[in-house]
1. Which residues, taken from region B:1-50, are in contact with an Asp or Glu (Cβ under 6 Å, 6 or more places away or on another chain) and modelled with pLDDT of 95 or more?
2. Within region B:47-69, can you find the residues that are in contact (Cβ under 8 Å) with a residue 40 or more places away in the chain, assigned to a helix (DSSP H, G or I) and not hydrophobic (A, V, I, L, M, F, W, C)?
3. Can you give me the number of residues within region B:19-36 that are in contact (Cβ under 8 Å) with a residue 24 or more places away in the chain and open to solvent by 60 Å² or more (accessible area, probe 1.4 Å)?
4. Would a scan of region B:91-111 turn up a residue that is more than 30 Å from residue A:30 (Cβ to Cβ) and open to solvent by less than 60 Å² (accessible area, probe 1.4 Å)?
5. Take the residues in region B:70-87 that are open to solvent by less than 40 Å² (accessible area, probe 1.4 Å) and outside any helix (DSSP H, G or I), then tell me which one is nearest to residue B:121 (Cα to Cα).
6. So, of the residues in region A:6-61 that are closer than 20 Å to residue B:33 by Cα, assigned to a strand (DSSP E or B) and open to solvent by less than 60 Å² (accessible area, probe 1.4 Å), which turns out to be farthest from the other protein chains (Cβ to nearest Cβ)?
7. Residues to consider are B:30, B:38, B:49; find the one that is more than 17 Å from the chain's Cα centre (by Cα) and closer than 24 Å to residue A:59 by Cα.
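The values are calculated or read from the model by the stated rules, or taken from the named source; none is laboratory data. As the structure is a prediction and not an experimental result, all values here were calculated from the model. Quick reminder, even Gly has a Cβ in these numbers, built from the backbone with ideal geometry, and neighbours come from all protein chains shown. Ligands, DNA and RNA are excluded from the accessible area calculation, which covers all protein heavy atoms including side chains. Shrake-Rupley method; radii C 1.70, N 1.55, O 1.52, S 1.80 Å.
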Amino acid sequence: MAVPKRKMSRSNTRHRRSQWKASAPSLVSCANPACGAKHLPHRACPECGQYGARADRRQVL
Amino acid sequence: MPTPKKGARLGGSPAHQRLIVSNLATALFEHGRITTTEAKARVLRPVAEKLITKAKKGDLHNRRQVVSTIRDKGVVHTLFEDIAPRYAERPGGYTRITKIGPRKGDNAPMAVIELVTEDYTPKAKSDKPASKTAAAPAAADTVEETPAAEAEETPAAEGTETEVVEAEATDEAPADEAAADEAPAEEAAADEDENKSE
C-alpha cells in the first residue's frame, strides 16, 4: 500500500487550503417591475415566482 | 445498469429507472405540473411527450402501449380524453421545463415541468428565407427593449445570436420557451447597463 514518505508541513497544508475559495454567483434583476429582486439567471425568481422576459413573463411557482 | 443513450441515470437499475419515470409521468398527467429535480425533468420530458403523441392517435393499440407505462387507468383516461384533444394542432412541445434554482437540504437543482396550457399559435413557415424575416422583427423588438445592450454588441455577434435563437425556435414548437430562455440574459445585460448609467 502506498503511504506518504514525509509529513505534510503546516505551510503546505495552509497554502493548499488558502486556494479553497468561494466565488459570488452572477445575478440578474427580476424582470417583474414590482419585484426587481436579484436572482440566478435562467431561473425563476424565488421572490415573486415569475420567469421570462419583461414582455413575456409567466407565474411559475 | 446499461448506459442510457441520453441523460442522467436514475435509481440503481433499469427497472428502477423505468418505475421512477413512469411514476413521474403519472404524476405529471394527474396534476398538470410537478416540481422535481432538473435531471429527472429532463429524462421525463421526451417520455411524456411520446405518451401524449400516442394519446393523440387514440386507438386501442396506442392505449395499451400507454397503459404499459402509466399503470393508473384513471390517469390514462384523462390523458386520452382531456389532455390529448387539447394538443390536437400542436406539433410536439407539449411540456415546458422551468428551472427554479437549488433545493434547500441537498442543493439539488430543481425544475418545474408542466403541460403547456397556452393555445397553439403557429409561427411563420420554417423555410430559410421565412425564418430570416421572422428573425428580423424579433431582433427589432430586442433593439427597442434593450437599446443599451444592443449598443455594446457588435453587429456580427447580434447576427449569430439571432440565428441561434431562430434555430432553437425552428427545432421545437414552443418557440416562446427558447425565446424566454434567451431573453433573461439580454434583460440582465440591460439591467446592468442601467445600473452603470445610474
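1. Hit for region B:1-50 is B:26, nothing else.
2. Within region B:47-69, B:49 is the sole residue that qualifies.
3. Going through region B:19-36 one residue at a time, the tally reaches 3.
4. yes
5. B:87
6. If we take residues in region A:6-61 being closer than 20 Å to residue B:33 by Cα, assigned to a strand (DSSP E or B) and open to solvent by less than 60 Å² (accessible area, probe 1.4 Å), then A:50 is farthest from the other protein chains (Cβ to nearest Cβ).
7. Matching residue, one of B:30, B:38, B:49: B:30.
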